[in-house]
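Working notes, structure below.
The values are calculated or read from the model by the stated rules, or taken from the named source; none is laboratory data. Because the structure is predicted, anything quoted here is derived from the model rather than measured. Because the Cβ atoms are built from the backbone with ideal geometry, glycine has one as well, and the counts that use them run over all protein chains shown.
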Amino acid sequence: MATPKILAPGASIGILGGGQLGRMLALAAAQMGYRTHVFCPEADNPASHVATQATFAAYDDEKALAAFAAAVDVVTYEFENVPAATALFLEHHTLVRPSWRALETAQDRIKEKTFFANIGVVTAPWRAVNSEADLQSALSEIGCPAVLKTSRLGYDGKGQANILSANDISTAWAVIGGGKAKPHADGAAFAVLEGFVNFECEISVIVARGVSGEVMAFEPARNVHTHHILDTSTVPARVNSSAVLKAITATGLAATRLDLVGLLAVEYFVTKTGDVIANEMAPRPHNSGHWTMDACQTDQFQQMVRAVCGLPLVDPARFADVTMKNLIGDYLNNLAAQMTNPNAHVHLYGKAEARAGRKMGHVNHLTWPKT
Ligand code: AMP
């Protein structure tokens, strides 16, 4: 049977992953009249608390995946460490948006950088690394300082080490788990060495791309990380207009060349000279897009529901200046003060335990008039 162009309200959106991004996606879907079905290994998670239905099973449980595919009209994902093989398996049974190919490209730093190079988007210089000897020769080509990263499964600074001089090679290799390094089953390298970018600031752009290929971009956000975890995203980003244009154009191009249906977020370094250098991408909603929930006509989650269900995208114009602040770890200390400010929009993820480094919620601080 041919795929219907539009999945009408009442259809069920399957979500791989049970975190806060899935939770906010499920809330947006519910508001728009859709049902949601979360699939993830862990019970009692932020997304399943608000979804219509949940399946708790392993990502390689083919029986559970087939039943899940039969119960939903489209599948999407809320984090990119869902195994690509899971998305590929589901593609044989139902619609998967964005496709497994987009997921596979984004979850491997080397595939991602190769993709950026193929479409003419600049990244930091890099070399694939599979051993300490590889690292030594890569460092002699790239030079110091440099950043060593595992090619897969790194997040929030995990699986990453800075190299300031050749003396750091052994330590950096050990820090990223190099002792057990071997290439991945598909031949992809274990790690990548990147030249250090002396950036002025970091920004990110999120675009939505619909089934007919139309692209709508949110404005870039200026992101500040603390201990490698996103702390704030501010819009407008206050970078020059040519950097804004380059970042939006590159993100739209990447979404188009991936033939992606859904959301694509790309993080960039902006240098003093106005160069825009792509760092990494995610084919899903993004923490640096949470500001859109209170400062835009349509937020990233609503726009994603529109895209994956084949509805028209709308202009997500911003109507206020905004800083999104993540509430990390022991957030309760600040919460009472936030709650008394009518321009501070608090979003909590319903996680029981406030562990250090854990994202518990975020606050959008709005100011008017918009600049
Ligand atoms: P990533 O996991 O690639 O997003 O890296 C986390 C953070 O580390 C980035 O947001 C940057 O602040 C910093 N970082 C990563 N790669 C580089 C690089 N090549 N040059 C400078 N800083 C980097």
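Determine whether Glu91 is within 16 Å of the ligand (Cβ to nearest atom) and over 22 Å from His225 (Cα atoms).
The answer is no for Glu91.
Given the structure, is Lys246 of a type in the set (Lys, Arg), within 16 Å of the chain's Cα centre (by Cα) and either surrounded by 15 or more Cβ atoms within 10 Å (Cβ to Cβ) or not assigned by TED's automatic domain parsing to the domain that holds Cys296 (or both)?
Judged against the criteria, Lys246 is not a match.
Would it be correct to say that Leu263 is away from the ligand (no atom under 11 Å from the Cβ) and either over 25 Å from Gln302 (Cα atoms) or at pLDDT 95 or above (or both)?
For Leu263, the condition - away from the ligand (no atom under 11 Å from the Cβ) and either over 25 Å from Gln302 (Cα atoms) or at pLDDT 95 or above (or both) - is met.
Name the pairs: first residue in segment 320-345 and within 9 Å of Leu366 (Cβ to Cβ), second residue among the acidic types (Asp, Glu) and surrounded by 13 or more Cβ atoms within 10 Å (Cβ to Cβ), Cβ to Cβ under 6 Å, at least 6 apart or on different chains?
Matching pairs, first to second residue: His345/Asp294.
Show me the helices (runs of 4 or more DSSP H) entirely contained within segment 271-371 in which 3 or more residues are modelled with pLDDT of 95 or more. Don't jump to the end; show me each part of the working.
On the way: elements: 292-295, 300-308, 332-339.
Per the criteria, 292-295, 300-308.
What about Glu104, is it within 24 Å of Val261 (Cβ to Cβ) and within 15 Å of the ligand (Cβ to nearest atom)?
no
Would you pick out the residues in segment 138-169 that are part of a strand (DSSP E or B), surrounded by fewer than 18 Cβ atoms within 10 Å (Cβ to Cβ) and among the aliphatic types (A, V, I, L, M)?
Hits for segment 138-169: nothing passes.
Give the number of residues within segment 117-137 that are of a type outside the set (Lys, Arg) and within 13 Å of the ligand (Cβ to nearest atom).
Of the residues in segment 117-137, 5 are of a type outside the set (Lys, Arg) and within 13 Å of the ligand (Cβ to nearest atom).
Would a scan of segment 257-267 turn up a residue that is in a helix (DSSP H, G or I) and assigned by TED's automatic domain parsing to the domain that holds Val346?
Yes; the residues of segment 257-267 include at least one that is in a helix (DSSP H, G or I) and assigned by TED's automatic domain parsing to the domain that holds Val346.
So, in segment 170-210, exactly how many residues are among the small types (Gly, Ala, Ser), within 16 Å of the ligand (Cβ to nearest atom) and not in a loop (DSSP other than H, G, I, E, B)?
Counting residues in segment 170-210 that are among the small types (Gly, Ala, Ser), within 16 Å of the ligand (Cβ to nearest atom) and not in a loop (DSSP other than H, G, I, E, B) gives 4.
Enumerate the pairs (first residue in segment 193-207 and farther than 23 Å from Gly252 by Cβ; second residue anywhere and within 11 Å of the ligand (Cβ to nearest atom) and among the aromatic types (Phe, Trp, Tyr)) with beta-carbon separation below 8 Å, excluding pairs fewer than 6 apart on the same chain, so at least 6 apart or on different chains.
Every condition considered, the pairs that remain are Leu193/Trp126; Glu194/Trp126; Gly195/Trp126.
Tell me which residues, restricted to segment 224-251, are outside any helix (DSSP H, G or I) and either aliphatic (A, V, I, L, M) or in contact with a Leu (Cβ under 6 Å, 6 or more places away or on another chain) (or both).
To start, the set of residues in segment 224-251 that are outside any helix (DSSP H, G or I) comprises 224-240.
Across segment 224-251, the qualifying residues are Val224, Ile229, Leu230, Val235, Ala237, Val239.
Filter segment 218-227 down to residues that are in contact with a strand residue (DSSP E or B) (Cβ under 7 Å, 6 or more places away or on another chain) and either of a type in the set (Lys, Arg) or surrounded by fewer than 20 Cβ atoms within 10 Å (Cβ to Cβ) (or both) and give me whichever is farthest from Gly357 (Cα to Cα).
Top of the filtered list is Arg222.
Would you mind stating whether Ala243 is closer than 26 Å to Lys325 by Cβ and within 16 Å of the ligand (Cβ to nearest atom)?
no
Only one of Val215, Val205, Val224 is assigned by TED's automatic domain parsing to the domain that holds Gly252, among the β-branched types (Val, Ile, Thr) and in contact with a Pro (Cβ under 6 Å, 6 or more places away or on another chain). Can you tell me which?
Values: Val215 fails: in contact with a Pro (Cβ under 6 Å, 6 or more places away or on another chain); Val224 fails: in contact with a Pro (Cβ under 6 Å, 6 or more places away or on another chain).
So the residue among Val215, Val205, Val224 that is assigned by TED's automatic domain parsing to the domain that holds Gly252, among the β-branched types (Val, Ile, Thr) and in contact with a Pro (Cβ under 6 Å, 6 or more places away or on another chain) is Val205.
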